[in-house]
Every structure is written in C-alpha cells, then in structure tokens.
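A.B. asks: One structure coming up, written as structure tokens, with questions to follow.
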Amino acid sequence: MSRATEAATEAAEAFLGEHPVGPTSDQEQRGARFDAGLAIVHFDTGSGGRGWDAGEQPAVDEVFLRAGCPDWSARNVIGLGMAAPTIHAHGTEQQRRRHLRPLFTGEDIWCQLFSEPGAGSDLAALATRAVRVEGGWRVSGQKVWTTLAHVARWGLLLARTDPEQPKHRGLTYFVLDMRSAGVDVRPLRQLTGEAEFNEVYLDDVFVPDDAVLGEVGGGWQVAMTTLMNERVSLGGRPAERGSGAVGQLVAVLRQARAAGRAGDAELDRVMRLWARAEAARLTNIRAGEQLRRGTPGPEGSIAKLQMAESNNPVYDHSMELLGTQALLYRDYTETRPDFAAVHGGSGDVRYDYLRSLANSIEGGTSEVLRTVLGERVLGLPPEPRPDKDTPWASLRRS
Amino acid sequence: MSFMPGADAEELRTHLRKFLDQHADRTRLRQQLDRDSGYDPNLWRRAADELGLAGLATPERLGGSDAGLSTLGVVFEELGRALTCAPYLATIGLATSAVRAACGAEVAAPMLAAITSGTVATLAWDGEWPSGSALRLDGTAITGIAPLVLDGNDAELLLVAARVDGGAVGLCRVEPNAAGLLRTPLVTLDTTRRMSRIDFDAVPATMLAEDAGADLDHALDIAALLLAAEQVGGAGRVLEMAVEYAQSRIQFGRPIGSFQAVKHRCADMLVDVELARSLVFHALHAADADPAAAALESALVRGFVSDAYVACAAANIQIHGGIGFTWEHDAHLYLKRAKAAQALFGSSTAARLRAAALLGVST
C-alpha cells in the first residue's frame, strides 16, 4: 500500500472515530463525510473532496463500507456516477454548492434526460426544444429510458436551443427541477416485467437561467463529460475479484457439479468467462483512475463495452447450468424499483439474465462503442457523415 | 494506488523502444532468422551494458537493479512488440527466477553476477512442470532427455531440474560442453525463438539446490507471467500494424478502415489488447507484492492472454488480406510467435483448469 493510500485510509478511519455509524442517521453521517472532504476525494476542498489523487477513492470507500455504511451507488446511480462529476467540472460555484452535498447525502436522487424516441445512438439529433423567455427557458419534448425519474429530484437535461445550427452545436445543458410544472413521468415497462425506466414528457416547462450548466450552445461538450463518466460507471464498480455476476456463475456451477451436470468442459467455459470478467473489472479500475485524473483514455469505452459483452454471456451460461430451473421465472408483476442494478447481482440468475440483455444497449450500444474505439482511439477514418455539417432543422429524422 | 507500471518503468520503456528501433529493426530481425545462433551477441551485450537489461532481476549487491516484476513486464512487453530475437525469456524469465527461488545466497551469487554481465542461461527439464522432471541424477551424473529446451544451444549456463536418486527434484548445473551432453537444435514453428533437444548420457552435474521442485515450479510461474507481458507487447504491435494498413489501403474508393466491418474488428483487437494488459500488469503487481500469488495469477493470465494474442495476430493477417499471407510480410512472424507462446508453458485450457482448482471453483 502506498503512503498516500495509507493516509487516505487513516483519514477515513479517523473520521469514523469521530462520527461512528449508528448515533446519527446515514444522511447526517454522509453530510459530515462530505464536509470533511471524504466524499469524492479528488474533488476540490469545499466540494466534498480534498484534491487528492483519484486513485485513493477505493481505499476510502472501502473503509466506510466495511464500517457498515450503506452503499448508495445503485440508489443514486446517475447522481453519483454522472451528475456529480459533470457539475464539479462545469458547474458554477453556486451550482456546486447547491447540488453536490444533497446529491452525496442521498437527499436528492438524480436522473438523466438525454435519450429520446428519435435520438438513441444518434444522441446529438435530439429534438427537445428550449426556447428563450424572460429569466430563462421554456422546454418541450419527450425523453425516454429515464432511469429513476420517478424518484428523482433533479434531472440532467440536454435540449436544443438553436435548430439552425448543425446538430452538435445547437445544444444546451440544463439542470432540471423534476418538480417543475409540466414534467410528466410515466413508467416504461421492460422485458423483465418491471418498470425501472420511465418516459418523461416535458410540456412548456420553465427552466431558470441559473440552471444552465456550461455555456448556452455548449451542451455537447458538457454532455461528453457525462457520457464518459457514464461509460466508466456502467463499466462496473471496482468490486472485489470474483464477486457479482461471476460469483453467481461459480455458485451455479457448484450446484451443477454437485448434481453431476457439469464436467471439465463447463469448468473451462466458466473460467474463460471468469478471466474475461476479471480483465474487464481491472480495465475499469484503470478507466476510473484515468477519468478522475482528468486524462480519460480509451479504457472507459473499452470497459463499458466489455462489461456488456461479458455480463450477458456470464448469465447466459449460468442459465444453461441451471438446467430445468431456467424454465421458470419468479414474477412478472409490474414494479417500479427505486434503484438501478444494471449488472445483475439480484440473486436470481433468470432475472439477471433478462436484465443483462440491456447491457449492450444502455449507455451506448456495443456497435456505437466499437465505432468510437475505432475512430477516436485507433484513429481509423470515419464513415461518410452527411449529417455532420447540416443545420439540424434540415436533417432527415425518424 | 495503480497496478499499472510506474513512471520509472515507463521511462525505461521509452529508452528500450528507441534502442530496439535502432539496433533490432526489421532488417536485422530478418538477418538474424538466417543465422545458426538464436540471437545477436552484440545486441545482447549492449542491452546488458547500456540498459542493464540482463541485471533487472539481480539483487543490487551483485551489480543488478532488482527492478521488480512490473518493470520486467514492461521490458518483456517491448521485446515482444519488436519481436526481438534474444534469449531473454530463458535467461531472465526461467534461469534467473530458478536461481533466485531455489538457491541459497552464496550459491546464487556467481551465477546471477554472470547473468548480469551477459551470460546466456536456461533451464532444462522433462515434463509439464520442473517438479515432475523425468531427468535423473544418479550419484553425480544426469541421464535422460529434455525434449524442448528454450535457447538450449545458445545457453552458456545450463541449469537442469533432475530427480535425485529417485527422490525429490533438485536444481543442478552442467557444463554445456560436458562429455555425454548432446544439444540438437530443432526446427521451431516460431523461428524467432530457438529450442533444442538435449540428451544427457551420464553427464557430470553440480548440485545447486536439493528438494527444489516447488521453487522451480514457482520460477516457471514467474516466467509464464513475463511471457504473458511479452504476448501483450506482440498483440499491441499487430493491432498497430492492422490499423496502419486499414488507414492506408484503399478499396471501393475509401480506406478499408472506414468500413465498420474492418473498424469493429480493429476495435475488438484493441479491447483484447487492453484487457490483456490490465490482467498482466495486475498479476505482476500482485506477484511483486506477494510471491505466493504467482501461481494463481499466472494460471489466470495465461489462458486469456495467449488466446488474445493468437486472435489478434490472426485478425491482423485477415485485415491485411493476401499480402498478410506472404513470407515477406512480418504478419506471419507474429502469428507464429503467438501460436508457439500459447503452447510454450502448457495449454490455455490446462491453465484455466488449474486456475479453477486454485480458486476453489472446481470443488
């Protein structure tokens, strides 16, 4: 362990000495942790951090998790994974002060209003319009696949402020108060039976000027920060080796072996999946370090692609090892979960298998990510792009 | 704290890459392949003298720099990238690891000092693992056949794992020109890495370490980890070759790399290379911190990295099309290195089943 990591661990332990788990509520304790700069340690002092190297975050998190502090990463997945780094990078001092603390304590849940029915992989083609009015903007449009919108206090909103510009240039990034008049959140049921996502209808919603994040017309650059963090976030948390999906796979394999249904062929296949998942986990740790240091490399897109490409085969093989149990399902009743566990780990392989089919679609399809890697990382020539320099208003859209 | 190589190791990488670009380029590589010896003694000596490469695994008091496995990994990665013909895996990966793992300080010192100043060394055994070596030491003489010895003809320091009077396996040393020793160079699939068959007919041997089976198996695990770093370097280079070609080759009026079919194939190669790199450097970091971790780490890494290198080397040939299938193009040299490296220290499947056993997955 390096000296910096030791110091980080010691600081977290000292904090817990003064603020033990139990006497105060989790929210109060997280507030104190934020004020002590032990929330997101590479953030600036006063913004929940200490300006440390981002590589020290896992050591700090581990101290808190070991002490029994609840893990908020699934309940506020957008807030912690995407909103916080975006606001820290692009927000004004006032926006940082207003949003970062309640985001970290869990008081404010966040959602992301990016995708639309007509703008999926081609996000920059989105059609939600923001029109200038006295003191702010009026926003109208429809967003989709909005995780946790039904419990969210705030939304990261990308909207078109200038349709006469080419598509990447006419966008502005807003922080939307989800309690505003004209915001209508409707459940969107998915193939697992539950409604983890939502459709969000925006009907002439007023957004004040101080809710603009970054520059008017500069929304795409801000969105890039969100998307890069999303990829790292969807690449998976730096969990322990052998935990999560592959942990479940091994458990299912053991049952199958005990029942005489799995030999060396199955074992070899499991270990192939295990090693690939481990490689993806380690690559995501690299990605997290790079991203937090402000030098995002290719690792984020690689890790996101790999987590998707390895998670589904892991559950696919788990289903095979389940035997006839794979013929059944627990319950298709529609529910609206208040957390998003995108990588499974529910304890039910059949549910996790179905959920894993979204991994290669959400947060950038595997096809788009391969193109990103080919063009941005390897420098391969782009496909001909007739839409790139055309005013958005003249583009062909579905 | 990151498990990736630190700043010092990256600086060494920069120097080494420059050195190899200058002294071990493609033309020299081709010339080397036509020679009897598997390496260029001039290059080897300069690498030892100027860059200290031969002493990276030698303790400082013996003139080395004891740089640690992560730094060695960077060196192997670069050697694999350049496809350098040099007995580095045999000398540093196998022999040095064997001496350090098995021998007491006094016995080890002269051998490590010799390696540091440029002596080529290797380890011979007969079997899957050194601890199971079928070579026999009866009294003070070794008898048997080591069918596949890395750089067996070039080695000046010849170490042998032999079963002592039917008991435990010990580490011995024989003189390369000893009576009863026959070294036969073999035609190898990978022409950039030489192997020999060595016949021992009552060859006089010096005992270096008794009951060394477990230590020698550990040395093989270290060698396998360093080989994996070399494989990552090769895989990274074939990716570069594929991308360069996809950028410059025009068909249907545009570079073939602008077609998604080719672009996505290159992206898949990139993914394999970076995942392999994460696994390898994490494993080296872990084995540096705790030598007992080497067995599991090498078992985990080998299957994935070996298969990834073969896949990338084959994809590189495919992306090059017909030109990639020619003798003149270097693509086949990398493919053969990849395919041979996959088979060198046990198969990928064997490694995976071993990893399963070590993880307790198979019980």
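The values are calculated or read from the model by the stated rules, or taken from the named source; none is laboratory data. Computed from a predicted model, the values in this text were never measured in an experiment. Please note: Cβ atoms are built from the backbone with ideal geometry, for glycine as well, and neighbour counts cover all protein chains shown.
A.B. asks: Return yes when B:Leu333 is over 21 Å from B:Leu72 (Cβ atoms) and within 9 Å of chain A (Cβ to nearest Cβ) and no when it is not. Quick ask: steps written out before the conclusion?
C.D. replies: Values: over 21 Å from B:Leu72 (Cβ atoms): yes; within 9 Å of chain A (Cβ to nearest Cβ): no.
No: the conditions fail for B:Leu333.
A.B. asks: Working only within the stretch B:1-43, note down all residues that are within 14 Å of another protein chain (Cβ to nearest Cβ) and either exposed (fewer than 12 other Cβ atoms within 10 Å of the Cβ) or closer than 21 Å to B:Met195 by Cα (or both).
C.D. replies: Passing the criteria: only B:Ala7.
A.B. asks: Looking at A:Ser398, A:Ser346, can you tell me which residue is touching a residue at least 24 places away in the same chain (Cβ under 8 Å) and polar (S, T, N, Q)?
C.D. replies: On the way: A:Ser346 fails: touching a residue at least 24 places away in the same chain (Cβ under 8 Å).
Residue meeting the stated conditions: A:Ser398.
A.B. asks: Pick out the one residue from B:Leu53, B:Leu12, B:Leu33, B:Leu72 that is modelled with pLDDT of 95 or more and either over 30 Å from A:Ala59 (Cβ atoms) or out of contact with any helix residue (DSSP H, G or I) (no Cβ under 8 Å at 6 or more places or on another chain) (or both).
C.D. replies: B:Leu53
A.B. asks: Same structure, new question: Filter the stretch B:258-277 for residues that are at the interface with another protein chain (Cβ under 8 Å from one of its Cβ atoms), among the small types (Gly, Ala, Ser) and farther than 13 Å from A:Val377 by Cα; which is surrounded by the most Cβ atoms within 10 Å (Cβ to Cβ)?
C.D. replies: Residue satisfying both the conditions and the ranking: B:Ala276.
A.B. asks: Can you pull out the residues in the stretch A:47-61 that are of a type outside the set (A, V, I, L, M) and at pLDDT 90 or above? Give the derivation first.
C.D. replies: Kept after step one, since they are of a type outside the set (A, V, I, L, M), are these residues of the stretch A:47-61: A:47-53, A:55-58, A:61.
Selection gives A:Ser47, A:Gly48, A:Gly49, A:Arg50, A:Gly51, A:Trp52, A:Asp61.
A.B. asks: Could you list, in sequence order, all residues of the stretch B:287-309 that are within 11 Å of chain A (Cβ to nearest Cβ) and either farther than 14 Å from B:Leu225 by Cα or surrounded by fewer than 21 Cβ atoms within 10 Å (Cβ to Cβ) (or both)?
C.D. replies: Those that are within 11 Å of chain A (Cβ to nearest Cβ) and either farther than 14 Å from B:Leu225 by Cα or surrounded by fewer than 21 Cβ atoms within 10 Å (Cβ to Cβ) (or both): B:Ala289, B:Leu296, B:Asp307, B:Ala308.
A.B. asks: Counting only residues that are assigned to a helix (DSSP H, G or I) and at pLDDT 95 or above, which one in the stretch A:18-46 is nearest to the other protein chains (Cβ to nearest Cβ)? Reasoning before the result, please.
C.D. replies: Taking the stretch A:18-46 first, the residues assigned to a helix (DSSP H, G or I) are A:18, A:26-35.
Next cut, at pLDDT 95 or above only: A:30-35.
Details: A:Arg30: 25, A:Gly31: 29, A:Ala32: 27, A:Arg33: 22, A:Phe34: 24, A:Asp35: 26 Å.
Taking the candidates together, the pick is A:Arg33.
A.B. asks: Applying the selection to the stretch A:366-376, what residues are under 22 Å from the mean Cα position of the chain (by Cα) and either outside any helix (DSSP H, G or I) or facing chain B (nearest Cβ under 7 Å) (or both)? Don't jump to the end; show me each part of the working.
C.D. replies: As a first pass, look at the stretch A:366-376 and keep what is under 22 Å from the mean Cα position of the chain (by Cα): A:366-373, A:376.
Answer for the stretch A:366-376, where residues must be under 22 Å from the mean Cα position of the chain (by Cα) and either outside any helix (DSSP H, G or I) or facing chain B (nearest Cβ under 7 Å) (or both): A:Arg370, A:Thr371, A:Leu373.
Residue-wise test of (1) under 21 Å from B:Met269 (Cα atoms); (2) more than 10 Å from chain B (Cβ to nearest Cβ); (3) out of contact with any strand residue (DSSP E or B) (no Cβ under 9 Å at 6 or more places or on another chain).
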{"residue": "A:Asp268", "(1), (2), (3)": "no, no, yes"}
{"residue": "A:Ala275", "(1), (2), (3)": "yes, no, yes"}
{"residue": "A:Ala280", "(1), (2), (3)": "yes, no, yes"}
{"residue": "A:Arg286", "(1), (2), (3)": "yes, no, yes"}
{"residue": "A:Glu289", "(1), (2), (3)": "no, no, yes"}
{"residue": "A:Glu299", "(1), (2), (3)": "yes, no, yes"}
{"residue": "A:Leu305", "(1), (2), (3)": "yes, no, yes"}
{"residue": "A:Glu309", "(1), (2), (3)": "yes, no, yes"}
{"residue": "A:Asn312", "(1), (2), (3)": "yes, yes, yes"}
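A.B. asks: Would you confirm, using the coordinates I've provided, whether A:Arg385 is assigned to a loop (DSSP other than H, G, I, E, B), over 20 Å from A:Leu305 (Cβ atoms), within 14 Å of chain B (Cβ to nearest Cβ) and of a type in the set (Lys, Arg)? First the steps, then the outcome.
C.D. replies: Working: assigned to a loop (DSSP other than H, G, I, E, B): yes; over 20 Å from A:Leu305 (Cβ atoms): yes; within 14 Å of chain B (Cβ to nearest Cβ): yes; of a type in the set (Lys, Arg): yes.
Yes.
A.B. asks: Given the conditions (1) of a type in the set (A, V, I, L, M, F, W, C); (2) touching a Phe, Trp or Tyr at 6+ places or on another chain (Cβ under 7 Å); (3) free of Cβ contacts under 8 Å to residues at least 60 places away in the same chain, which single one is not true for B:Cys85?
C.D. replies: Just one mismatch for B:Cys85, condition (3).
A.B. asks: Could you figure out which of (1) crowded, with 24+ Cβ neighbours inside 10 Å; (2) free of Cβ contacts under 8 Å to residues at least 60 places away in the same chain; (3) closer than 30 Å to B:Ala214 by Cα; (4) among the hydrophobic types (A, V, I, L, M, F, W, C) isn't true of B:Phe281?
C.D. replies: B:Phe281 satisfies every listed condition except (2).
A.B. asks: For the stretch A:213-266, how many residues meet the condition of being of a type outside the set (A, V, I, L, M, F, W, C) and either touching a Phe, Trp or Tyr at 6+ places or on another chain (Cβ under 6 Å) or over 24 Å from B:Arg354 (Cβ atoms) (or both)?
C.D. replies: In the first step, residues of the stretch A:213-266 are kept if they are of a type outside the set (A, V, I, L, M, F, W, C); the result is A:214-215, A:217-219, A:221, A:225-226, A:229-231, A:233, A:235-238, A:240-244, A:247-248, A:254-255, A:257, A:260-261, A:263-264, A:266.
Of the ones still in play, those that are also either touching a Phe, Trp or Tyr at 6+ places or on another chain (Cβ under 6 Å) or over 24 Å from B:Arg354 (Cβ atoms) (or both) are A:214-215, A:217-219, A:221, A:225-226, A:229-231, A:233, A:235-238.
Adding up the residues that qualify gives 16.
A.B. asks: Let me ask another. Applying the selection to the stretch A:203-234, what residues are assigned to a strand (DSSP E or B) and of a type outside the set (A, V, I, L, M, F, W, C)?
C.D. replies: Looking only at the stretch A:203-234, we keep the residues that are assigned to a strand (DSSP E or B), and these are A:203-208, A:212-213.
Residues satisfying the conditions are A:Asp203, A:Asp204, A:Pro208.
A.B. asks: Hey, another quick one. So, A:Gly31, is that one in contact with a Pro (Cβ under 9 Å, 6 or more places away or on another chain), of a type outside the set (S, T, N, Q) and either closer than 24 Å to A:Ala239 by Cα or outside the structural domain of A:Gly288 (by TED's automatic domain parsing) (or both) or not? Step through it out loud before you land on a result.
C.D. replies: Values: in contact with a Pro (Cβ under 9 Å, 6 or more places away or on another chain): yes; of a type outside the set (S, T, N, Q): yes; either closer than 24 Å to A:Ala239 by Cα or outside the structural domain of A:Gly288 (by TED's automatic domain parsing) (or both): yes.
Taking the combined requirement at face value, the residue satisfies it.
A.B. asks: Further question on the same structure: Exactly one of (1) touching an Asp or Glu at 6+ places or on another chain (Cβ under 7 Å); (2) more than 9 Å from every other protein chain (Cβ to nearest Cβ); (3) farther than 28 Å from B:Arg26 by Cβ is unmet by B:Cys312. Its number?
C.D. replies: All conditions are met except number (3).
A.B. asks: Which helices (runs of 4 or more DSSP H) does the stretch A:244-350 wholly contain that include 1 or more residues that are among the charged types (D, E, K, R), within 26 Å of the chain's Cα centre (by Cα) and over 21 Å from A:Thr147 (Cα atoms)? Give the steps one after another, and end with the answer.
C.D. replies: On the way: elements: A:244-258, A:264-292, A:299-322.
Hits in the stretch A:244-350: A:264-292, A:299-322.
A.B. asks: Taking the criterion of being surrounded by fewer than 24 Cβ atoms within 10 Å (Cβ to Cβ), within 9 Å of another protein chain (Cβ to nearest Cβ) and without any contact (Cβ under 8 Å) to a residue 12 or more places away in the chain, would at least one residue in the stretch A:244-260 satisfy it?
C.D. replies: yes
A.B. asks: Collect the residues in the stretch B:184-198 that are charged (D, E, K, R) and more than 16 Å from B:Ala124 (Cβ to Cβ), keeping them in residue-number order. Lay out the reasoning, then the answer.
C.D. replies: Going through the stretch B:184-198, the residues charged (D, E, K, R) turn out to be B:190, B:193-194, B:197.
If the condition is that a residue be charged (D, E, K, R) and more than 16 Å from B:Ala124 (Cβ to Cβ), then B:Asp190 is the only one that fits.
A.B. asks: Give the residues of the stretch A:338-364 that are within 14 Å of another protein chain (Cβ to nearest Cβ) and either over 19 Å from A:Glu299 (Cβ atoms) or in contact with a helix residue (DSSP H, G or I) (Cβ under 6 Å, 6 or more places away or on another chain) (or both), sorted by residue number. So that I can check it myself, show each step before the final result.
C.D. replies: Just the residues of the stretch A:338-364 that are within 14 Å of another protein chain (Cβ to nearest Cβ), to begin with: A:360, A:364.
Matches in the stretch A:338-364: A:Ser360 only.
A.B. asks: Sticking with this one: Could you look through the stretch B:136-184, keep only residues that are over 22 Å from B:Thr91 (Cα atoms) and among the hydroxyl-bearing types (Ser, Thr, Tyr), and pick out the one that is surrounded by the most Cβ atoms within 10 Å (Cβ to Cβ)?
C.D. replies: So, considering only residues that are over 22 Å from B:Thr91 (Cα atoms) and among the hydroxyl-bearing types (Ser, Thr, Tyr), the one surrounded by the most Cβ atoms within 10 Å (Cβ to Cβ) is B:Thr143.
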